[in-house]
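Taking it in order: structure first as structure tokens, then the write-up.
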Amino acid sequence: MSDFVKDTTDGTPAEPESHGVDLVDGDAPAIRILVRGDLPPTLEHDGRTWAATRETHDAGDAPAIAVYRPA
């Protein structure tokens, strides 16, 4: 499993599943973060708003990494 996706097998509400997210802005290197719980339509990170896209990055044997771009 990817280092960026955490699988919670016991379903404990205090420890929700986590999802890897890449914040992508043009040709700049992506910023990879971990989001606990459901992925929202927008994220705030480092003073910027990022919007979900339908894009994903392949994480090999793990769930795909969601892509967000500047809103």
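The values are calculated or read from the model by the stated rules, or taken from the named source; none is laboratory data. Model, not experiment: these values are computed from the prediction. Every residue, glycine among them, receives a Cβ derived from its backbone with ideal geometry; neighbour counts consider all protein chains shown. With ligands, DNA and RNA removed, areas are computed over all heavy atoms of the protein, side chains included. Shrake-Rupley method; radii C 1.70, N 1.55, O 1.52, S 1.80 Å.
Tabulated data
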item	result
Accessible surface of region 15-71 [probe 1.4 Å, protein heavy atoms]: carbon and sulfur percent	48 percent
Residues whose placed amide H lies under 5 Å from that of ALA62, excluding near-sequence neighbours	SER2
Among 43-49, 32-38, the order from most to least packed when residues are scored by Cβ within 10 Å on average	32-38, 43-49
Cα-based convex hull, region 14-69, per residue volume (Å³, whole number)	90 Å³
